Every structure is written in structure tokens, then in C-alpha cells.
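Before I ask anything, here is the structure I am working with.
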Amino acid sequence: SAVPLAAQFSCENELLNKLHRSVLWSEATNLHSVPTDCPQRDERLGWLNDMTVRAEEAIYNFDMAAFYTKWVEDIREAQGETTGAITDVAPFVRYGRRPADPVCSSYLVVPWLVYLHTGDTALLRRHFEGFQRWEDYLLSQTEDDRLYYSYFGDWCGPLTISDSSSMASGSYSAITSGDYVSTWAILFNAFLLVKIAKVLGKEETTERYLQLFERGRAIFNQMYLDEKTGQYGSGSQACNAFALYIGLVPDHLVDKVVQNLVHDVKDKNDTHLTTGNQATKYIFDVLAQHGHADLAYALASQDTYPSWGLNILNGATTIWERWEEASTGLVTQCCSQNHPMYASIGSYFHRYLVGITPDEEGPAFERVRIEPKVPQDLQWAQSELDTVKGKLACKWSKKDDSLVVQLEIPFNCTAHFLVPAPYTSAEITD
């Protein structure tokens, strides 16, 4: 499909530059009328669970508005007229199920991202009823406020020693329970519906979903939060990252939950991920947002198992479906070497490492926040976006003990630059 490249990224670390190119190539080669999961095996379907986390990377890197408008219509056409249930894949052919796994929040995520990046409310208006019907269906399936049905959960995490005999056995959400992820997905949808209803001027509906979110937040914490330890669910990286990402954690426990996540990543797993295709994206959002720029950068540039870097060192030029082939030599039917669900890392480069973030209060880059999360071990990074307002670019570099920032801001765009810690000021040029 004709989706023009809309961004450039580079930095001092050549491994990250190669990873960025792998993200671009994986995304570009999987856009054939639908956002396919892979181009090389007899599947090639628009999996909604993948797109929940992949969509932000894609809309930073490519002009996706027309493509997404078409694909969201595919989702709506497959939605059950009576039940409101959507499908795992859209268009709905051959594989997947109806109802979809609850993690298929891409039906809401994609139109929201189109609105943020273009300012166009057409998708939100056209599909708002469909969003609500999908949420109502999920709510109808709960038992005691918990949603038990789950097919994928946090899909395709790294294999552990106990399940290393079979690559397929590692696909399922082994260390993060399906009911945890599914129940969280209802709250994620409500979180998005509050934002969407507000944009559409639906005050009563906004209040309804705000109440749903707040009530669900309290119940979720009652079911899954151990206040003494500050751990959610099984205490996995995914469990804690999910809760932090949409603000489920009580204010007085945020630091404790963040520290548990940091300890699990840095100390317990020697700066490696244990997350699957969903939480891998959110872990970078959470670490960057909570003052752990160095750890997020170390994870992104890791080159031992499991990591993107190891795959690149073993010849990868696109993103792989699994981490294991490079380290185990196992090659099976479930091992795609061009699979953009883990390309979700691509949004981290633009949004956090360089810091360019669209502002919800001024969509279509009428307002933009530039808040780079500068790691100690990187000397410079830069990003350039072709926005609907024009070229928007930021480059930061270190000079002695100072931070030098070059900005290019388009007309009719107001940019707010936040000097990153530990710097107290920055030399800004245009």
C-alpha cells in the first residue's frame, strides 16, 4: 500500500539505528491493504492484538491515516450486529475467532492515534458506537467483575528453561495470567473511551466511562494488588507495567510498583525483558515516564538473549516473531523472521529517546511536547517528522556538561520543551 515514509531517526548507537531500520522494513513489508502479521507464510492477516501495540510505531513512521481509515472499516464490518463482539483478525477470514481476545483494543487505539496525529475526528465519530458495543460485550462476559476468557494474553514472551523443549509452548501468556490481561483490557478501553467521548463533546458519556474506569480501578486493585509488596498479579514485568501504563496504581504505591518493575528487569533478569507482545511496548512507556531513561535505553540496546540486538547480530534485518532462533537454533512454523508486533519498540525512539509527543490538548501538532529522556550512555539522538503542520525535528547532543538542542517547529505549532534531568538548562537553537 502507498504509505509514504513520514519520519527519520538516528542516534550515536549504530545497533539502535539498525533496529530502527528493521522496524521500518517490517512495517513497510506488511502493509498490503491490511496490516499483515507476516509476508512469508500462509497467514498474512490483520491481527488486532498485534496492532494494539504496533499502531503507534506505524503512525510515527508512516502516513497511515488513509490506510487506517480503510482497516478500521474492516473491523466494523466484521463486528457482530447482535453481540457487538469484534474478531481477532480483520477482514475476518480463515484464522482467528469472534469474539476476539480482549487485548484487541486496536479498534479504539487506531482511530485515537489518527485523531492525535491529524486532528480528524471522522473515525472517532463514525465508530464511536462500535467502540461502545465492543466494550459492552466484554462487560457482559465478566464474572464477579473479572473477565476470564483469554486466548493470547501477553502473547509470545521469551521461553524459560522449563518450557524450552517446544517453541510453541512459549507462545502463551505463561507468567501473566490471561484473566489479568483481559480484565485490564476492559479498563484500557474505558480509559480511551473517556478521552474519545470528551473530544466528541459527549459529556454524559464521558462521565459514564470515567465512573466505569474509577470503579473498575478500585475493583482491579482489590483483586490483583498486594499492597504490602507493591506487586500486581503474579508480580511479572507485564503485570506491573500494565497497571502503571493507564494509571491504575494508587498514588502512594506508584514508586513502590515502579521499583518492583525496575528490580525485576535490572536485577532479577539482568536487564532483560520477560514480557510478551503486549507489555513489551508498555514497559518502555512506563520506564521512560517514571525516570528510568537509562534502563529503557539499556533494554533497547541489549544484545544478549532475549533481545532485538541479539537477533540483529545474528543477521536480522526485520523484526522476528520470537527471540529464540538466534539463541537456540530452533526453527519451527511459528518462527516468522518478519513480524512487526515487536516493532512496537519504534515508538520509543521518537516519543521518548528524542521526546516528540503530540499533545492531546492540541491535536494535529497544534501543540507538541518535546521531552527527551536522555540516557547517560548516549551522546546524541535526532528525529524528524513530516506532520500535517509541516516538518518537526529535534536533535539533542551533549557538549561537556551541557545539553545542546536543535529544534525545527512548523508554523501554527506551539512546542513546549522540557529540560531532562539531570540538566538544569539547555542551549536551544533553530
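The values are calculated or read from the model by the stated rules, or taken from the named source; none is laboratory data. Note that the structure is predicted; figures quoted are calculated from it, not measured. Cβ coordinates were reconstructed from backbone atoms using ideal geometry, including for glycine residues, and neighbour counts include every protein chain displayed. Ligands, DNA and RNA are excluded from the accessible area calculation, which covers all protein heavy atoms including side chains. Shrake-Rupley method; radii C 1.70, N 1.55, O 1.52, S 1.80 Å.
How many residues are among the hydroxyl-bearing types (Ser, Thr, Tyr) and part of a helix (DSSP H, G or I) if we restrict to segment 19-45?
So in segment 19-45, the residues among the hydroxyl-bearing types (Ser, Thr, Tyr) come out as 22, 26, 29, 33, 36.
Imposing the further condition that a residue be part of a helix (DSSP H, G or I) reduces the set to 22, 26.
Looking only at that region, the number is 2.
Exactly one condition in (1) touching a Lys or Arg at 6+ places or on another chain (Cβ under 7 Å); (2) open to solvent by 20 Å² or more (accessible area, probe 1.4 Å) is not met by Gly230; state its number.
Unmet condition: (2).
From Leu385, Leu403, Leu378, Leu392, which residue is of a type in the set (A, V, I, L, M), surrounded by 18 or more Cβ atoms within 10 Å (Cβ to Cβ) and farther than 20 Å from Val368 by Cβ? First the steps, then the outcome.
Working: Leu385 fails: farther than 20 Å from Val368 by Cβ; Leu403 fails: farther than 20 Å from Val368 by Cβ; Leu392 fails: farther than 20 Å from Val368 by Cβ.
Residue meeting the stated conditions: Leu378.
On to the next question. Identify the residue in segment 95-116 that is within 12 Å of Trp47 (Cα to Cα) and in a loop (DSSP other than H, G, I, E, B) and, among all such residues, is most open to solvent (accessible area, probe 1.4 Å). Break it down stepwise before answering.
Step one: of segment 95-116, the residues within 12 Å of Trp47 (Cα to Cα) are 95-97, 100-101, 103-107.
Subset that is in a loop (DSSP other than H, G, I, E, B): 95-97, 100-101, 103-105.
Details: Tyr95: 90, Gly96: 32, Arg97: 108, Ala100: 0, Asp101: 0, Val103: 5, Cys104: 1, Ser105: 1 Å².
Going through the qualifying residues, I end up with Arg97.
Out of the residues in segment 275-329 meeting the condition of being in a loop (DSSP other than H, G, I, E, B) and among the acidic types (Asp, Glu), tell me which one is nearest to Glu14 (Cα to Cα). Break it down into steps so the answer makes sense when it comes.
Just the residues of segment 275-329 that are in a loop (DSSP other than H, G, I, E, B), to begin with: 275-278, 290-292, 301-307, 314-324, 329.
If we keep only those that are among the acidic types (Asp, Glu) too, we end up with 303, 321, 324.
Details: Asp303: 12, Glu321: 22, Glu324: 23 Å.
The extreme case among them is Asp303.
Considering only residues of segment 254-292 that are of a type in the set (Ser, Thr, Tyr) and open to solvent by 10 Å² or more (accessible area, probe 1.4 Å), which is nearest to Ile175 (Cα to Cα)?
Going through segment 254-292, the residues of a type in the set (Ser, Thr, Tyr) turn out to be 271, 274-275, 280, 282.
This time we only want the ones that are open to solvent by 10 Å² or more (accessible area, probe 1.4 Å), so: 271, 274.
Values: Thr271: 18, Thr274: 9 Å.
By that ranking, first place goes to Thr274.
Quick check on segment 298-312: of everything there that is surrounded by fewer than 22 Cβ atoms within 10 Å (Cβ to Cβ) and without any contact (Cβ under 8 Å) to a residue 60 or more places away in the chain, which residue is farthest from Leu159 (Cα to Cα)?
Step by step, filter segment 298-312, then rank; the result is Gln302.
Looking at Leu124, is it under 25 Å from Tyr60 (Cα atoms) and open to solvent by 10 Å² or more (accessible area, probe 1.4 Å)? Don't jump to the end; show me each part of the working.
On the way: under 25 Å from Tyr60 (Cα atoms): yes; open to solvent by 10 Å² or more (accessible area, probe 1.4 Å): no.
So Leu124 does not fit the description; no.
Also, I was wondering about something else. Only one residue in Asn412, Asn338 is out of contact with any Leu (no Cβ under 6 Å at 6 or more places or on another chain) and surrounded by fewer than 17 Cβ atoms within 10 Å (Cβ to Cβ). Which one? Talk me through it step by step, then tell me what you get.
Working: Asn338 fails: surrounded by fewer than 17 Cβ atoms within 10 Å (Cβ to Cβ).
After applying the criteria, what remains is Asn412.
Hey, does segment 193-202 have a residue that's over 24 Å from Pro363 (Cα atoms), of a type in the set (D, E, K, R), open to solvent by 20 Å² or more (accessible area, probe 1.4 Å) and part of a helix (DSSP H, G or I)? Reasoning before the result, please.
Filtering segment 193-202 for residues over 24 Å from Pro363 (Cα atoms) gives none.
No, segment 193-202 has no match at all.
While we're looking at this one, here's another question. Evaluate segment 385-403: report whether one residue or more is more than 22 Å from Glu57 (Cα to Cα), of a type in the set (A, V, I, L, M, F, W, C) and more than 23 Å from the chain's Cα centre (by Cα). Let's see the steps before the verdict.
We begin by selecting, within segment 385-403, every residue more than 22 Å from Glu57 (Cα to Cα); these are 397-403.
Within this subset, residues satisfying the condition of being of a type in the set (A, V, I, L, M, F, W, C) are 403.
Next, from what is left, pick out any that are more than 23 Å from the chain's Cα centre (by Cα): 403.
Yes, segment 385-403 contains a residue that is more than 22 Å from Glu57 (Cα to Cα), of a type in the set (A, V, I, L, M, F, W, C) and more than 23 Å from the chain's Cα centre (by Cα).
Shifting gears a bit: Being more than 21 Å from the chain's Cα centre (by Cα) and either touching a residue at least 60 places away in the same chain (Cβ under 8 Å) or not in a helix (DSSP H, G or I) (or both) is the filter here; which residues of segment 221-233 pass it? Before the answer, list the steps.
Let us first name the residues in segment 221-233 that are more than 21 Å from the chain's Cα centre (by Cα), namely 221-231.
Within segment 221-233, Met223, Leu225, Asp226, Glu227, Lys228, Thr229, Gly230, Gln231 meet the criteria.
Among the residues of segment 46-92, which ones are open to solvent by 10 Å² or more (accessible area, probe 1.4 Å), part of a helix (DSSP H, G or I) and either among the aromatic types (Phe, Trp, Tyr) or within 25 Å of Lys391 (Cα to Cα) (or both)?
Listed by number, the residues that qualify are Glu56, Ile59, Ala65, Ala66, Phe67, Thr69.
Now a separate question. Please indicate, with yes or no, whether at least one residue in segment 375-397 is touching a Cys at 6+ places or on another chain (Cβ under 8 Å), of a type outside the set (Val, Ile, Thr), under 21 Å from His20 (Cβ atoms) and not in a strand (DSSP E or B).
The answer is yes; a qualifying residue exists.
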